[in-house]
């Protein structure tokens, strides 16, 4: 499954990645099996695996996208459950940092990057809507058009594969279809949206975008909100 934090779908035979002597921390994994039919997108190519696991040397690497501090592992979904690493097998990261654990399921949307001007022109009619995310959906996603906090994306960049965005729930809003129905508070406390275990901050609500070239090389771009 696509997930953020927690235990990666990593076969026990594959060594936990390091950056020199630094034990990395598992950041996220993308499961591409439900997205192979996105015609014309990078994900529809023949990928090196079903899942892509992302590891970081420290928290700073998530914002800087410093490739020397990032490690990637492709995995087949055909691995047997008994051959997969468990939580008790995970090593302690050298520079551990706390963030939320979350899971993803397929939710199909449509990005319309040609409609940025129309979205901003409609501000008076939809003043309670976040117009900045109407043409291009701001979300952790596979395919589509990646959101960029610092510039308007009017087309899908070449080799764009997937994107991890910051995670923060809306305060005082009930979410009855997830595991925490009670609304979280805005105040900085354990049941607040800003508590480290309840969110993932990439700078100030930024993004971590992955690209895959045709020769199999991964590159990353990060933007601060």
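Output the residue which, of all residues in region 34-58 that are in contact (Cβ under 8 Å) with a residue 60 or more places away in the chain and in a loop (DSSP other than H, G, I, E, B), is nearest to residue 224 (Cα to Cα).
Only one residue fits best here, namely 41.
Within region 5-20, does at least one residue satisfy the condition of being under 17 Å from residue 159 (Cα atoms) and in a loop (DSSP other than H, G, I, E, B)?
Restricting attention to region 5-20, the residues satisfying the condition of being under 17 Å from residue 159 (Cα atoms) are none.
Within region 5-20 (the criterion being under 17 Å from residue 159 (Cα atoms) and in a loop (DSSP other than H, G, I, E, B)), the answer is no, since none of the residues qualifies.
Going by the structure shown, is residue 91 out of contact with any strand residue (DSSP E or B) (no Cβ under 7 Å at 6 or more places or on another chain), modelled with pLDDT of 95 or more and either in a loop (DSSP other than H, G, I, E, B) or surrounded by fewer than 14 Cβ atoms within 10 Å (Cβ to Cβ) (or both)?
Judged against the criteria, residue 91 is not a match.
Which one of 99, 72 is touching a strand residue (DSSP E or B) at 6+ places or on another chain (Cβ under 9 Å) and under 30 Å from residue 191 (Cα atoms)? Break it down into steps so the answer makes sense when it comes.
Numbers: 72 fails: under 30 Å from residue 191 (Cα atoms).
Checking each option against the conditions leaves just 99.
Among (1) in contact with a helix residue (DSSP H, G or I) (Cβ under 7 Å, 6 or more places away or on another chain); (2) under 25 Å from residue 213 (Cα atoms); (3) in contact (Cβ under 8 Å) with a residue 24 or more places away in the chain; (4) buried (at least 19 other Cβ atoms within 10 Å of the Cβ), which single condition is residue 61 missing?
(3)
Looking at region 147-191, which of the residues that are modelled with pLDDT of 85 or more and outside any loop (DSSP other than H, G, I, E, B) is farthest from the chain's Cα centre (by Cα)? Please lay out each step first, then the result.
Here is the first cut: in region 147-191, the residues modelled with pLDDT of 85 or more are 147-166.
Then drop every residue that is not outside any loop (DSSP other than H, G, I, E, B), which leaves 160-165.
Working: 160: 13, 161: 11, 162: 8, 163: 5, 164: 2, 165: 5 Å.
Selected residue: 160.
Can you find even one residue in region 72-95 that is without any contact (Cβ under 8 Å) to a residue 40 or more places away in the chain and under 30 Å from residue 152 (Cβ atoms)?
no
Check whether at least one residue in region 101-113 is outside any strand (DSSP E or B) and more than 23 Å from residue 166 (Cβ to Cβ), and report yes or no.
No; the residues of region 101-113 include none that is outside any strand (DSSP E or B) and more than 23 Å from residue 166 (Cβ to Cβ).
Among the residues of region 192-223, how many are part of a loop (DSSP other than H, G, I, E, B) and surrounded by 15 or more Cβ atoms within 10 Å (Cβ to Cβ)?
Residues in region 192-223 being part of a loop (DSSP other than H, G, I, E, B) and surrounded by 15 or more Cβ atoms within 10 Å (Cβ to Cβ): 9 in total.
The values are calculated or read from the model by the stated rules, or taken from the named source; none is laboratory data. All figures in this text were calculated on a predicted structure; none of them were measured in a lab. Every residue, glycine as well, gets a Cβ built from its backbone with ideal geometry; the counts of neighbours run over all protein chains shown.
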